[in-house]
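A.B. asks: Got a structure for you, questions after.
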Amino acid sequence: MTVLIAGCGDLGTEAGLRFAALGHRVVGLRRSPGVLPAVIEGQAVDLSRERPVIPVGTDIVIVAIAAAGATADAYRSSYVDGLRNLLDALDATDASPSRFLLVSSTAVYGVDDGSLVDETTPALPASATGAVLLEAEDLLRSRVPGAVVLRLSGIYGPGRELLIRQVRDGTASVSGLARHTNRIHRDDAAAAIVHLMTMAGEPASLYLGVDSAPVPRGDVLGFLAAELGVPDPGAGASASATAADGGTPAATVTAPGRAAGPRGGDKVCSNALLLASGFCFEYPGYREGYRAILAGTGIRHP
């Protein structure tokens, strides 16, 4: 069985290694394929500008493209144009993969009130880039019936250590401490891709890829500070806010800072459907995942 991975960066490479370990032939599409592990056959292609060569016998297609920039135009070039060129190449060769998965993002949900989000929640993007992601999803569904969309939350893992460095250096932002944050470890994101494409039963058309511990951002900062043995940046901010407000509990004074807080709104994403499919997390929460990173477990793929 041949697995074609379009966008073979860190996440795509990790998924490719897992497919290869199961005995599948893996072909990875990226601009610079020379950095790929030997078990992944690389093909040099810029999907935003050209069609790839579809390997004979392609049975599984994964699209894990990353945008070249943070603008709507960069997103459209990568996600929409890139996906269209891939789909056109598949049509031109009469390839008929049995399963197809697009990696998208929970950024398509413009929820900012801390409410629960699952696969039945309407996708109403609050950003231009989120709207482009939804456009790519719609393009896929219009041309590949039965395709799976996996909306991932914030990916963290080996080499993705900005928040750790900020907490260690005392530079972590203290705005939006009460906002709920959702994340998934890179290894679990890759494992979920493999699971959905190889499971015995038919997968659903949409899954949220998020771990089991969506929590306020302040909780994550406090945990990392304790693990690193440094002051909790959120504790100092809470004390200052409480004093300034005449003794009001800190949780009630965070709302005015929402507009300046981290990206992603304020929502609690559910992984119930992914768990119901039989998937098991290696890192069910941020505690397990960040401890593995701090212990030096794993590497980030170039």
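A.B. asks: What percent does the relative contact order of the range 66-126 come to when contacts are Cα pairs within less than 8 Å and at least six residues apart?
C.D. replies: The value is 21 percent.
A.B. asks: Separate question: Below 8 Å, C-alpha to C-alpha, sequence gap of six or more: please give me the relative contact order for the range 91-170 in percent.
C.D. replies: Over the range 91-170, the number comes to 39 percent.
A.B. asks: In whole Å, what is the distance between the alpha-carbon centres of the range 107-144 and the range 1-70?
C.D. replies: Each part reduced to its Cα centre gives a spacing of 25 Å.
A.B. asks: By count of other Cβ within 10 Å, fewest leading, how are Thr106, Thr71 ordered?
C.D. replies: Thr71, Thr106
A.B. asks: Size of the dipole of the range 11-81 about the Cα centre, Lys and Arg at +1 and Asp and Glu at -1 on the beta carbon, nothing else charged, in debye to 20?
C.D. replies: With only Lys, Arg, Asp and Glu charged at Cβ, the dipole is about 60 debye.
A.B. asks: Based on DSSP H runs of at least 4 residues, each adding -39500 (n - 2.57), what is the mean residue ellipticity at 222 nm of the chain after dividing by all its residues, to the nearest 500 deg cm²/dmol?
C.D. replies: Estimated from H runs of four or more residues: -10000 deg cm²/dmol.
A.B. asks: If you take every DSSP beta bridge fully contained in the chain, what fraction is antiparallel? Give it as a percent rounded to 5.
C.D. replies: That works out to approximately 10 percent antiparallel.
A.B. asks: Calculate the spin-label point distance for Ala70 paired with Ala204, positioning each point 7 Å from the Cα along the beta-carbon direction, and give it in nanometres.
C.D. replies: 3.2
A.B. asks: Which order, highest average first, do 85-93, 115-123 follow once you tally other Cβ atoms within 10 Å for each residue and take the mean per peptide?
C.D. replies: Most protected by this proxy first, the peptides run 85-93, 115-123.
A.B. asks: Assuming 1.002 mPa s and 20 °C, estimate D for the range 1-58 with Stokes-Einstein, Rh taken as the Kirkwood radius over Cα pairs, in µm²/s.
C.D. replies: In µm²/s, the coefficient rounds to 192.
A.B. asks: Can you order the peptides 167-173, 203-209, 24-30 by their average number of other Cβ atoms within 10 Å per residue, highest first?
C.D. replies: 24-30, 203-209, 167-173
A.B. asks: Rounded, prolate or oblate: which fits the range 87-245, taking a ≥ b ≥ c as square roots of the Cα gyration tensor eigenvalues, rounded meaning a/c under 1.5, else prolate when a/b beats b/c?
C.D. replies: prolate
A.B. asks: So how many Å³ per residue does the convex hull of the Cα atoms of the chain work out to?
C.D. replies: That works out to 127 Å³ per residue.
A.B. asks: Another one. Please state the relative contact order of the chain as a whole percent: Cα pairs under 8 Å, 6+ residues apart?
C.D. replies: Here the relative contact order equals 19 percent.
A.B. asks: Given Cβ point charges of +1 (Lys, Arg) and -1 (Asp, Glu) and nothing else, what value in debye, to the nearest 20, does the dipole of the chain about its Cα centre take?
C.D. replies: Dipole of the chain, to the nearest 20 debye: 400 debye.
A.B. asks: Pull out a ≥ b ≥ c, the square roots of the eigenvalues of the alpha-carbon gyration tensor of the range 1-148, then state rounded if a/c is under 1.5, prolate if not and a/b is larger than b/c, and oblate in the remaining case.
C.D. replies: Prolate is the answer for the range 1-148, as a/c is 1.5 or above and a/b outweighs b/c.
A.B. asks: Show the residues, 5+ positions off or on another chain, whose built amide H is closer than 5 Å to the amide H of Leu102.
C.D. replies: Val63, Val148, Val149, Leu150
Just so you know, all these numbers are worked out from the coordinates, no wet-lab data involved. These figures come from a predicted structure and were not determined experimentally. All Cβ positions, glycine included, derive from the backbone under ideal geometry; neighbour counts span all protein chains shown.
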